[in-house]
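To keep things clear, I will list the structure first and then write my remarks on it.
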Amino acid sequence: MSLNLTILDTKTPAEAGMDLHLVDPRSGELLYDDQKEPCTVTILGSDSAKVRAFDRDVEKRAVDRARRRGAFDNDPEAKLEVRVNRAAIATLGWSDNMELDDAKLVFSEAEARRFYGDLRFLWVLEQLETAMEDRMRFFKSASGK
C-alpha cells in the first residue's frame, strides 16, 4: 500500500481561500457585529499562484535593487508596504458588517491596502499574515470542518 501524495496538495486549498474570523486584539475573542454575525476576511493561502507570483516579483525586485546598490534595502517602511500589498492581493473580500471611521468598510483591493496599512489596525494585518501561512487552516476550510 502506498500514500497518495495528491491528498497533500497545498496549492488547491490555498487557491480556494478561507474565511478568517477576526480576533479582538483586546480580549482574544472572536469578533462579531451587534447582530452576532462574524467579522471575517476571505483570503488566499501563501501557496496560491497569485501570492507566490507576488512573492517572486518582490524577491526579484529586491535582488535587482541589491545588485544596483550593492546591498539589500532595509527600509522598515518599504517592508511594511510589501506586507500590506501582499495581504491586499491575497484578500478576496470581507464580511459587509464592518465599519471604519463611521463609514461602511466596502471591499476593494485599494481599500484593503488602505485598511491594512493603517497603523491603528496592524493587528488585522498580523492576523492575515499568520493565517495565510497556516496550511492546516486551508485544508480544514476545504474539507468543511
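Bear in mind these aren't lab numbers, they're just calculated from the coordinates by the rules spelled out. Note that this is a predicted model, so its numbers are computed, not measured. Cβ placement follows ideal geometry from the backbone for every residue including glycine, while neighbour counts extend to all protein chains displayed.
Tabulated results
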item: Built amide H within the under 5 Å cut-off of Leu92, gap 5+; result: Thr42, Ile43, Leu44
item: Summed residue charge, Cβ within 13 Å of Lys50's Cβ, Lys/Arg positive, Asp/Glu negative; result: -1
item: Neighbour-count ranking [beta-carbon atoms within 10 angstrom, fewest first] of Tyr32, Tyr116; result: Tyr32, Tyr116
item: Whole-Hz couplings from phi, Karplus 6.51/-1.76/1.60, listed for the stretch 42-53; x for Gly and Pro; result: 8, 10, 7, x, 5, 8, 6, 4, 5, 6, 5, 5
item: Top positive-direction residue, dipole computed over the chain with Cβ charges, set Gly45, Ser2, Ala16; result: Ser2
item: Label point distance in nm, Ala49-Asp34, each placed 7 Å from Cα along Cα→Cβ; result: 4.4
item: Rounded to whole Hz, the Karplus (6.51, -1.76, 1.60) HN-Hα couplings of the stretch 79-95, x for glycine and proline; result: 5, 5, 4, 5, 4, 5, 5, 5, 5, 5, 6, 7, 8, 8, x, 8, 5
item: The stretch 25-71 and the stretch 105-144: distance between their alpha carbon centers, rounded to Å; result: 7
